[in-house]
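Undergrad: Can you keep this structure in mind? I'll have questions shortly.
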Amino acid sequence: MTDATQNTGAVAPKSSLHTLDARTKRRNAAESRFKFYGMVAIGIGLLMLVTLLTTILSKGTGAFTQTFVTMEVELLETKLDKTGARDLEKIKKVTTFGYAPLIKTAFEKTVEAHGIETDLKSKAMAKILSKSAASQLRNYVIANPDQIGQTIEFRFLANSRVDGYMKGRVTRDSIANDKNITPAQLDFVDQLIAVGALKKTFNIDFIIGADASDQRPEAAGIGVAMMGSLFMMLVVLALALPIGVAASIYLEEFAPKNWITDIIEVNISNLAAVPSIVFGILGLAVFINYMHLPQSAPLVGGLVLTLMTLPTIIISTRAALKAVPPSIRDAALGVGASKMQAVFHHVLPLAAPGILTGTIIGLAQALGETAPLLLIGMIGFIASNMPETVGEGLLSPNSAMPAQIYEWAKRADPAFYERAWGGIIILLIFLISMNTLAVLLRRRFERRW
Amino acid sequence: MPLSWLVLLVLALATAGYFVGRIRVLKLAGGDVRALHSLPIYYGTNVALSTAVPALVVVMVWLLVQPTLIERSVSGMIAPEMIPEGSNLNLVMSDVRRVADGLNTAIAGGAMSLAEVEAMDATVVDVRARLGELGVALGQNVRPEVLAAAKSYRSAAVTGNTLRTLIVLALAVVGFGISFSKTKPDYRARNVVERAVLALLMAAASLAILTTVGIVLSMLFETINFFGLHNWRDFFFGTTWAPNFRGDSELSILPLLWGTLYISFIALLVAVPIGLFAAIYLSEYAGPKTRAIAKPLLEILAGIPTIVYGLFALLTVGPLLVNMFGQSGSLGLGWMSGATSVLTAGIVMGIMLIPFVSSLSDDIINAVPQTMRDGSLGLGATPSETIRQVVIPAALPGIVGAILLAASRAIGETMIVVMGAGAIAKFSANPFESMTTITTRIVSQLTGDGDFASPETLVAFALGLSLFVLTLGLNVLALYIVRKYREQYE
Amino acid sequence: MYDTEKLATDVNQTETKISARNVQVYYGDTHAIKDVNVDIDAKAVTAFIGPSGCGKSTFLRCINRMNDTIDVCRVEGDIKIDGEDIYDKRVDPVQLRAKVGMVFQKPNPFPKSIYDNIAYGPRIHGLAKNKADLDEIVEKSLRRGAIWNEVKDRLHAPGTGLSGGQQQRLCIARAVATEPEVLLMDEPCSALDPIATAQVEELIDELRDQYSVVIVTHSMQQAARVSQKTAFFHLGNLVEYGDTSQIFTTPQDERTESYITGRIG
């Protein structure tokens, strides 16, 4: 640029702004590098999120489908009710061992009917079914004794190895040292698939069923643990919300500024950062060892999670109360309301959406918490039936979703891992719904003063 | 009377009191609300509160105190020489409780009469078999002194419960009566009710203190018990963690502390640079749109439960690392033998902490006044020079506070290390080895069927107390630094 | 490097340093500066006055492209310094700002020592060959900022520990240290007490013989005291521009007159 002198006719500037000197170029390069680091950091964070979510989805969706074998079973009177009197007590005397032959026979007939050629003995064929098949049959017969003698179509769970074969987890190579299944059985499975007797379909029992023993991963479900979580959340909601709101109202509206209040405030912010396992120790020592509340009960879990969630709820409630401008209080006081009336009639309703949002987020946190539950015994193969009453739901031993997931992750059979990932999908669906609800509430009722 | 019935009865009485109080005052005022000092609902509430609150407070105190009193008097019945070899008072007492529960079940089920129970003699009757018939399973046979203690335990509990019912009901009725008689139009019901409500609010607020006290006391007592059974020098200064059931366990916190700090260090090594740069980018460079998308997405990482990270460590990151650094790994290094390692847990924990560090630092960087940035930019500094030489130094105390908070989170984190770190306590600097942490050992010592009188179980409380003190110290320090920092720019 | 001082003697006093033509500034949809044309003299103090919100600060920030840091801000028109368009694509705002220094409304020393505050600019622009050189720059700048005597014994004390007036003079010294040709001052005395204000005003008057100073002020008395030229802004328009004495004694525009006599503003 040489036109620099045109306007002024004076001396040219010492350096033109239109040319970058070497130093500026260097500095600009450093600038771009620095900015790039920032983008890389964000990128890594987002990549981790994507990796985590795709891992969960790719490994967990399998848990929602399960392999079933469909076949006609003849409920032989000679095996199940020799007297023919349909006496339920007598029928119950027949153990699952008594039902096993029926399944074997049914298999033989299926093979015949479909024209499958196989060298397998019927016992080996029946091995491809879950160990729960016989008890499934028995439960059906006990529930419907009048069906004895009929031939009925049943859908049996396949063994987890067969299920794994269907899902690509088990291959002919991987079972070289596996006592539970042979390549010949897999050939048989292929034949059953060909004739449509063996299918992989959606499995509702994973969502509503109970956990199963180590031997039967194919039958394990998360439903009962879900009830455990539900009852714990009820306890948390019933205790943490009123106590948290009461504490926040006191601290925000009434507490005098003195050292006691200071201690409470410091205490609350520190409690929010105490490791969750410490709350578990507290629960174990106070609720179980000292007060002798039942171990593994959702009530105790709920109490522990209440103490853990309280600081979160108090902090967000106070923020919500603080956001209500003092003019509202002044207006209420100005027309002769007492301070208590001003708070309960005017401030609290205005702060309600904020409080609710905070509570939901606190609940979501509590729902995903695992560590304290381990200490109060909410792990292991505990509950096999849905609780029938609220009292039972609160007091009888149960697990919780995250604890159930942990339990599955600890087991030796990799078939349980799929269920752990599947359980996480369900847990995350709950968390996402709760957080979405919180966000929607905030959007809907957010008020700027 | 069962507890739930008692509580329900008191609540029913209180509800009735509400309506009765309301109706009475209105009637006395001749239906004219203007003649009343307070609104009618306050008279109702006054009666309801006077009925329920003292009664329920007594119920709660009773629940807390009765077990201790009974336990103390009954345990006095068991002379030290009666405690069998290899057992202790706590174990015997839990037997006593179980038998007492069994007897209660038997009586409640109508299988035994009260007299039968009182007459039962363990030297004659096989108590275990007798209760077994009634569906009460006992682990071992019941010795006479245990049965005797159980009987007195049971009768003390029954007496206590009866007394509780009587006193609580009496209190409720008295409260009802007094407040009802005071219910007159000129009675300052609102003031009384408001004072009571204020007291309730205060009680709720002090629950936070109570929780802290509960945490400290519950762990402190058991820790004292532990140091009664185990040398404190070994706990604090020993070098080996080797619990066993022969009675010569070495239980030192140091190897666990090493594992904890090492894993936390790796986690911070991952989380701090990524989190900090992410925060810098979001607060200084990103446009509003990028920010609106990237920030919530990153924060999702913070909302994912730790069990998910634990599973991710155990089943994904661990095997991945083994595939790279293991015996037959792609790098052929053979450094790693199992999926659980310091690195596995550290990396995953680091991922978990990224949003924690980034959102805290974001807040803190945003608190640096804009005039500071303007000053630097106005001198011709590039944004990155401004950030590195002005913004970050200004925000440094706050960032240090944020990192300390993240460190405290890392130290107290449980699920990731339980699933990803392993169970071997040792001093080693090799991040590919599996190591264990304080929280992992707390879980493993307290789950399973440990008895609560052995040092191997009690050590968990000492570990818990140490963990609490450590994280509390870090938190107090961090919160103090952050608060000072904020005050500086307000 | 320091030849500007020598050059100054050769330069005609009415030489134009900055010339703005048809400058428009938009904040999102708001049209904040409307069609401003102005020529700012070298080696003189030019004051921008006007009621708050009139756009005087906005226009000032256009001169060293500080508005670039605000996302929604858009600048149109030409602003030339020494005949070079500063909004040209080839111009790096970083280089521009070294040439056009800025002092802000609120004193904003960095949380560093006094020495490091002054040395910050020279360091990033690489103006010092060595430590001795840097020491010299720092001393010269502090002297020029009229604060050397007050801080020479505590150069390594934090800059935030100074009083408000001292902080502002420190900021002026900091701006001077990068050897700028133009100094922009955005209400530099609004956060200061009268005594500190007087000191800063005196300093501004001294700076005139080396720099082109543009000062935004809300105080007409201040404009009258320190400036040779005055521009009156109103609602985003440059209403009147001329010699300070003329603006304050015989304003041409009635809006200027109303403002000066206190009827608007």
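The values are calculated or read from the model by the stated rules, or taken from the named source; none is laboratory data. Everything quoted here is computed from the prediction, not taken from an experiment. Reconstructed Cβ throughout: ideal geometry from the backbone, glycine too, with neighbour counts over all protein chains shown. Remember, those area values only see protein heavy atoms, side chains included, never the ligands or the DNA or RNA. Shrake-Rupley method; radii C 1.70, N 1.55, O 1.52, S 1.80 Å.
Undergrad: How far apart, in nm, are two points set 7 Å out from the Cα along the Cα-to-Cβ line at C:Asp193 and at B:Ala115?
TA: Taking the simple label geometry, C:Asp193 and B:Ala115 are separated by 9.9 nm.
Undergrad: To continue, here is another question. Which of the helices in chain B, when you take each full DSSP H run, stretch at least 15 Å along the axis at their Cα atoms and have an average Kyte-Doolittle score of -1.0 or higher?
TA: B:3-28, B:40-75, B:89-108, B:144-182, B:189-229, B:253-280, B:288-303, B:342-367, B:392-412, B:455-488
Undergrad: Enumerate by residue number the trypsin sites (Lys or Arg not before Pro) in segment C:218-265 meeting two conditions: DSSP loop (anything except H, G, I, E, B), and at most 15 other Cβ atoms within 10 Å of the site's Cβ.
TA: Of the trypsin sites (Lys or Arg not before Pro), the ones in loops of segment C:218-265 whose Cβ has at most 15 other Cβ atoms within 10 Å are C:Arg263.
Undergrad: Among all the aspartates and glutamates, which ones have a C-alpha under 14 Å from A:Lys339's C-alpha, if same-chain residues fewer than 8 places away are not counted?
TA: Cross-link targets: A:Glu252, A:Glu253, A:Asp330, B:Glu194.
Undergrad: Right, next: Carbon and sulfur atoms: what percent of the 1.4 Å accessible area of the protein assembly as shown do they account for?
TA: The C+S portion of the solvent-accessible surface of the protein assembly as shown is 60 percent.
Undergrad: Highest mean first, what order results for A:437-443, C:161-167, B:441-447, B:244-250 on Cβ atoms within 10 Å?
TA: Answer by packing, highest mean first, reads B:441-447, C:161-167, A:437-443, B:244-250.
Undergrad: What are the residues whose amide H is under 5 Å from the amide H of B:Met336, where those residues sit 5 or more places off or on another chain and H is modelled from the backbone?
TA: Here B:Gly326, B:Gln327 satisfy the definition.
Undergrad: Between A:Phe97, A:Phe416, A:Phe107, where does the largest GNM mean-square fluctuation fall for chain A, given springs only between Cα atoms within less than 10 Å?
TA: Most flexible of the set in this elastic network: A:Phe97.
Undergrad: Determine the shape class of chain B: with a ≥ b ≥ c the square roots of the Cα gyration tensor eigenvalues, call it rounded for a/c under 1.5, and otherwise prolate if a/b is greater than b/c, oblate otherwise.
TA: In terms of gyration-tensor shape, oblate.
Undergrad: Checking the a/c ratio against 1.5 first, then a/b against b/c, what shape does the Cα gyration tensor give for segment B:156-315?
TA: The shape class here is oblate.
Undergrad: Could you list, in their original order, any pairs among A:Lys90/A:Lys127; A:Lys92/A:Lys179; A:Lys35/C:Lys17 whose Cα atoms are separated by more than 30 Å?
TA: Violating the 30 Å limit, Cα to Cα: A:Lys92/A:Lys179; A:Lys35/C:Lys17.
Undergrad: Another question, if that's okay. Once phi is turned into θ = phi - 60°, what whole-Hz ³J(HN,Hα) does the Karplus curve with 6.51, -1.76 and 1.60 give for every residue of segment C:77-87, x standing for Gly and Pro?
TA: x, 10, 10, 10, 10, 6, x, 9, 5, 7, 9
Undergrad: For an R0 of 51 angstrom, estimate the FRET efficiency from the Cβ-Cβ distance between B:Leu200 and C:His156 and round to the nearest 0.05.
TA: So, using R0 = 51 Å, E works out to roughly 0.30.
Undergrad: Hey, another quick one. Mind checking the mean number of beta-carbon atoms from other chains within 10 Å of the Cβ atoms in B:388-401?
TA: Counting Cβ atoms of other protein chains within 10 Å of each residue's Cβ and averaging gives 2.
Undergrad: Could you work out the mean count of beta carbons from other protein chains within 10 Å of each residue's beta carbon in C:122-131?
TA: The mean count of partner-chain Cβ atoms within 10 Å per residue comes to 3.
Undergrad: May I ask you to list the aspartates and glutamates whose Cα is less than 12 Å away from that of C:Lys106, ignoring any residue fewer than eight positions away on the same chain?
TA: B:Asp374, C:Asp186, C:Glu187
Undergrad: If you don't mind, another one. Just to be sure I understand: with springs between alpha-carbon atoms less than 10 Å apart, which residue in C:Ala231, C:Ala175, C:Ala157 has the highest mean-square fluctuation in the Gaussian network model of chain C?
TA: Residue with maximal mean-square fluctuation among C:Ala231, C:Ala175, C:Ala157: C:Ala157.
Undergrad: Summing Lys, Arg as +1 and Asp, Glu as -1, what charge do residues with Cβ under 12 Å from the Cβ of C:Arg143 carry, C:Arg143 excluded?
TA: Value of the local net charge: 0.
Undergrad: Further question: What does the convex hull of the Cα atoms of the protein assembly as shown come to per residue, in Å³, rounded to a whole number?
TA: Taking only Cα atoms, the protein assembly as shown has a hull volume of 264 Å³ per residue.
Undergrad: Measure off 7 Å from each Cα along the Cα-to-Cβ vector at B:Arg486 and A:His345, then give the distance between these two points in nanometres to one decimal.
TA: The answer from the label model is 3.3 nm.
Undergrad: Counting each DSSP H run of 4 or more residues in the protein assembly as shown as -39500 (n - 2.57), what helix-only mean residue ellipticity at 222 nm follows after dividing by all residues, to the nearest 500 deg cm²/dmol?
TA: The per-residue figure over the protein assembly as shown is -19500 deg cm²/dmol.
Undergrad: Continuing with this model, one more query. Can you count the Lys pairs in segment C:112-265 with C-alpha separation below 24 Å, eight or more apart or on different chains?
TA: 9
Undergrad: What whole number of Å gives the distance from the Cα centroid of segment B:258-311 to the Cα centroid of segment B:411-484?
TA: Measuring centre to centre over Cα atoms gives 23 Å.
Undergrad: Whole-Hz Karplus ³J(HN,Hα) for segment A:197-213, in order, using 6.51 cos²θ - 1.76 cosθ + 1.60 and θ = phi - 60°, x for Gly and Pro?
TA: Karplus-based 3J(HN,Hα) across segment A:197-213 equals 7, 10, 9, 9, 9, 4, 10, 5, 5, 5, 7, 10, x, 9, 5, 10, 5 Hz.
Undergrad: Same structure, new question: With the crude spin-label approximation of a point 7 Å out along Cα→Cβ, what separation in nm comes out for A:Trp259 versus A:Leu57?
TA: 5.8
Undergrad: Rounded, prolate or oblate, given the Cα gyration tensor of segment B:241-488, with a/c below 1.5 counting as rounded?
TA: Note, shape of segment B:241-488 comes out prolate.
Undergrad: Check each of the GluC sites (Glu not before Pro) in segment A:86-123 and keep only those in coil by DSSP with at most 13 other C-beta atoms within 10 angstrom; list them in order.
TA: Sites meeting the loop and neighbour criteria: A:Glu117.
Undergrad: Please compute how much accessible surface disappears when B pairs with C, both sides summed, using a 1.4 Å probe, and round it to the nearest 100 Å².
TA: Result for this pair: about 1600 Å² buried.
Undergrad: Please compute the average number of Cβ atoms from other chains found within 10 Å of each residue's Cβ in peptide B:279-291.
TA: Whole-number average of other-chain Cβ neighbours for B:279-291 is 3.
Undergrad: Please list, or write none, the lysines whose alpha carbon is within less than 22 Å of the alpha carbon of A:Lys93, excluding same-chain residues fewer than 8 places away.
TA: Output for A:Lys93: A:Lys79, A:Lys82, A:Lys104, A:Lys131.
Undergrad: Alpha carbons only, please: Rg and Dmax for chain A, in angstrom.
TA: Expressed in Å, the Cα Rg and Dmax of chain A come to 32.4, 125.
Undergrad: While we're here: For the peptides B:193-199, A:349-355, what is the packing order when you average, over each peptide's residues, the other Cβ atoms within 10 Å and list the highest mean first?
TA: A:349-355, B:193-199
Undergrad: Quick one: check the C-alpha center-to-center distance for segment A:129-175 versus segment A:274-337, whole angstrom.
TA: 47
Undergrad: Amide H neighbours of C:Phe48 under 5 Å, counting only residues 5+ apart in sequence or on other chains, H built in-plane at 1.01 Å?
TA: C:Ile215, C:Val216, C:Thr217, C:Ala231
Undergrad: Could the peptides A:247-256, B:325-334 be put in order, highest first, of the mean number of other beta-carbon atoms found within 10 Å of their residues?
TA: Highest mean packing first, the order is A:247-256, B:325-334.
Undergrad: Select from C:Gly242, C:Gly101, C:Gly55 the residue whose mean-square fluctuation is largest in a Gaussian network model of chain C (Cα-Cα springs shorter than 10 Å).
TA: With Cα springs under 10 Å in chain C, the top fluctuation among C:Gly242, C:Gly101, C:Gly55 is at C:Gly242.
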